[in-house]
Amino acid sequence: MNDLFAAQQRETCTQLAAQACVLHGFALPVVGALLADIRTIQASAPFRHLVTPGGHVMQVAMTNCGTYGWCSDRRGYRYDRVDPQTGNPWLPLPPTFLQLAADAAREAGFEDYVPDACLINRYAPGTRLSLHQDRDEHDRSSPIVSVSLGLPATFLFGGFERGDKTVRVPLQHGDVVVWGGGDRMRFHGVLPVKPGRHDVVGEQRLNLTFRKVR
Ligand code: MD3
Ligand code: FE
């Protein structure tokens, strides 16, 4: 590990842009509670590989909790109050999720953050998420808070056009990223997750993204 990387890991926060920052290890104290909640959520709404409007099966497996869940099928992308697979509402956001999201948002300068949706992404080794923008949320002024668990990944942080240059951001187990304001509409993605086994989470990467949809 080079000195610059070592120094970065000792920082509590790395600023990626004016309103985007990585809070290193911020979720570590509540990892046990988060994983227990994820187990409950996936028992009710199992991880599934959504189909894009173009007919491609997504590599990332997804589920949701909160008032709204992100869905994709041949008809398009949308937020839905019920799981289309079961017809049941998504489970509510667990208190630990709400507390962590609000604490991280406050740390990054956003007071009173109350998300109404949490998309849970599961990456098996080799899984990637291609460059995209998150544009299905009605409320684009609230930040997005993302929590990384398990295997490390390289996040691609781009500009406002698909072809803009991207910077690579290493994300570790327990890191929380807050993306707000003007930086919310940036293109972003995740490079293929390298094979490995995390002591607690196993052979996968999990990512929680909190959003305010309405
Ligand atoms: C940056 N998830 O679910 S973190 C997604 O690691 C998504 O699973 C990635 O991109 C993951 O849509 C990245 C979350 C994230 C969400 C929205 C953003 C990062 C963002 C909007 C602008 C910039
Ligand atoms: Fe995204």
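The values are calculated or read from the model by the stated rules, or taken from the named source; none is laboratory data. All values derive from a computational prediction rather than experimental measurement. Backbone-built Cβ (ideal geometry, glycine too); neighbour counts: all protein chains shown. Side chains included, ligands, DNA and RNA excluded: accessible areas come from the protein's heavy atoms. Shrake-Rupley method; radii C 1.70, N 1.55, O 1.52, S 1.80 Å.
Things to note:
- Residue tally, condition in a loop (DSSP other than H, G, I, E, B), in contact with a helix residue (DSSP H, G or I) (Cβ under 8 Å, 6 or more places away or on another chain) and surrounded by fewer than 17 Cβ atoms within 10 Å (Cβ to Cβ), over segment 87-110: 1
- Options ARG205, ARG214, ARG186: the member that is closer than 27 Å to TYR79 by Cα, touching a residue at least 40 places away in the same chain (Cβ under 8 Å) and more than 16 Å from ligand 2 (Cβ to nearest atom): ARG214
- Taken over segment 14-57, the criterion of being open to solvent by 30 Å² or more (accessible area, probe 1.4 Å) and of a type in the set (A, V, I, L, M) is satisfied by LEU16, ALA18, LEU28, VAL30, ALA33, ALA36, ALA43, VAL51, VAL57.
- Residues that are of a type outside the set (Phe, Trp, Tyr) and within 13 Å of ligand 1 (Cβ to nearest atom) occur in segment 93-102; there is at least one.
- Residue pairs whose Cβ atoms lie under 8 Å apart, separated by 6 or more positions or on different chains, with the first residue in segment 47-74 and away from ligand 2 (no atom under 15 Å from the Cβ) and the second of a type in the set (Ser, Thr, Tyr) and open to solvent by 50 Å² or more (accessible area, probe 1.4 Å), are PRO53/TYR77.
- There is no residue in segment 24-36 that is out of contact with any His (no Cβ under 9 Å at 6 or more places or on another chain) and under 20 Å from HIS138 (Cα atoms).
- From GLY150, GLY126, GLY174, residue being modelled with pLDDT of 95 or more, within 25 Å of HIS49 (Cα to Cα), more than 9 Å from ligand 1 (Cβ to nearest atom) and touching a Pro at 6+ places or on another chain (Cβ under 6 Å): GLY126
- Members of segment 50-65 that are under 18 Å from TRP90 (Cβ atoms) and part of a strand (DSSP E or B): ALA61, MET62, THR63, ASN64, CYS65
- Tally of residues being farther than 30 Å from ALA17 by Cβ and either among the hydroxyl-bearing types (Ser, Thr, Tyr) or exposed (fewer than 13 other Cβ atoms within 10 Å of the Cβ) (or both) across segment 183-205: 5
- Any hit, segment 67-82, residues being under 20 Å from LEU156 (Cα atoms) and not in a helix (DSSP H, G or I): no
- Selected residue (only one of GLY150, GLY159 is surrounded by 22 or more Cβ atoms within 10 Å (Cβ to Cβ) and small (Gly, Ala, Ser)): GLY150
- Condition check for ASN88: away from ligand 2 (no atom under 16 Å from the Cβ) and touching a residue at least 40 places away in the same chain (Cβ under 8 Å): yes
- Per the listing ASP136, ASP164, the residue uniquely near ligand 1 (Cβ under 10 Å from one of its atoms) and open to solvent by 20 Å² or more (accessible area, probe 1.4 Å) is ASP136.
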